[in-house]
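Here the structure is laid out as structure tokens; the discussion comes afterwards.
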Amino acid sequence: MTDAAATIRRVIGEFAGDFGVKADDKLFEALAVYATLLGEWNTVHNLTSVTNLEKVAVRHFLDSMALFLLLPPGPARILDVGTGAGFPGLVLALCRPELFVVAADATAKKVSFCKTVIAQLGLKNARAVQARLGGKAAFEVIGSGFDAAVSRASMDAPLLVKIAKPHLKDGGLVIAMKGEDVEKDKPALLQMAKKPGPKEPALELLEKSYTLPQHAKARWLLAVRLGASGIKTT
């Protein structure tokens, strides 16, 4: 095992299982390659402010794995909205080969980086596309029928729901990864659930909190399930 892979295993290995990830040496080696590529590209393209390997392992890799707290088991098609440097989408694809992930971003350099990661790691279950969701052009590039849309991008959860809905199947999930700003999104989501509008699917609201090692403040998965038979929160 490379030194980088050993470091990643030491830092997040015992925590990955808490998120339902069966981590092995192959996964840690792949994450080490990912981290190396991120460091190389970051010197030119400024993809992330987090550059220390241990912090990358926690704040990017482990944080992405937290989505498995809400994503159901088994095969699924996942849309990562505003993927940036591939988080969380490409990490999800690495952890669960039965998923197929489309990582979408409006910025060309970020999409180019994601394509490089996909090629270097031989990910057959991931695709990176340049698209800005919310219009016809994005729909033509990305398509529909996804089981879930996820995002770590800094956008309001109600906006994420609005632009992701056309790409999801009935009963699909929209999951926004949030920090301290989670509370400001909840009232708007509740309003959307109470008054979905004509021809709009009912919404079920879900939320799940979690913490990362060496981080006292909780993070949140704020989720909406489309096409629910009624309004409820959990």
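Just so it is clear, none of the values below were taken in a lab; they were calculated from the coordinates. Predicted model, so just to flag it, every value in this text is computed and none were measured. Here Cβ is always computed from backbone atoms with ideal geometry, including for glycine, and neighbour counts include all displayed protein chains.
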Of 149-161, 13-25, ordering from highest average Cβ density within 10 Å down gives 149-161, 13-25
Each residue of segment 136-145 in order: what ³J(HN,Hα) in whole Hz does its phi give by Karplus 6.51 cos²θ - 1.76 cosθ + 1.60, θ = phi - 60°, with x for Gly and Pro? 4, 4, 5, 5, 5, 7, 8, x, 9, x
Using θ = phi - 60° and Karplus 6.51 cos²θ - 1.76 cosθ + 1.60, couplings along segment 77-85 (whole Hz; Gly, Pro as x): 9, 10, 9, 9, 8, x, 5, x, 8
Shape of segment 65-105 from its Cα gyration tensor (a ≥ b ≥ c, root eigenvalues): rounded if a/c is under 1.5, otherwise prolate when a/b > b/c, or oblate? prolate
Roughly how far apart, in whole Å, are the Cα centres of segment 41-58 and segment 1-18? 17 Å
Sorting T116, A104, G74 by the position of each Cα along the dipole of the chain (Lys, Arg +1; Asp, Glu -1; all at Cβ), the one nearest the positive end of that ordering is A104
Treating only the Cβ of Lys, Arg, Asp and Glu as charged (+1, +1, -1, -1), what charge dipole size does segment 1-106 show about its Cα centre? Round to the nearest 20 debye. 120 debye
Heads up, segment 1-110 by the C-alpha gyration tensor (a ≥ b ≥ c square roots of eigenvalues; a/c under 1.5 rounded, else a/b over b/c prolate, else oblate) looks oblate
In whole Hz, what ³J(HN,Hα) sequence does segment 172-186 give by Karplus (6.51, -1.76, 1.60; θ = phi - 60°), x for Gly and Pro? x, 9, 10, 10, 9, 8, 10, x, 5, 7, 4, 5, 6, 8, 4
Starting from the Cα coordinates of segment 48-147, work out the convex hull volume and express it per residue in Å³. 102 Å³
Could you pull out the pairs from K55/K109; K136/K169; K162/K186; K22/K115; K55/K217; K136/K162 whose alpha carbons sit more than 20 Å apart here? K55/K109; K22/K115
Cα-centred dipole magnitude for the chain, charges only on beta-carbon of K, R (+1) and D, E (-1), debye, nearest 20: 600 debye
Have a look at L205, I12, S49 and report the one farthest towards the positive end of the charge dipole of the chain, computed about the Cα centre with Cβ charges (Lys/Arg +1, Asp/Glu -1). L205
Given bins 5 angstrom wide, list per bin the percent of all Cα-Cα distances in the chain, short to long. 1, 7, 15, 19, 20, 17, 11, 6, 3, 1, 0, 0
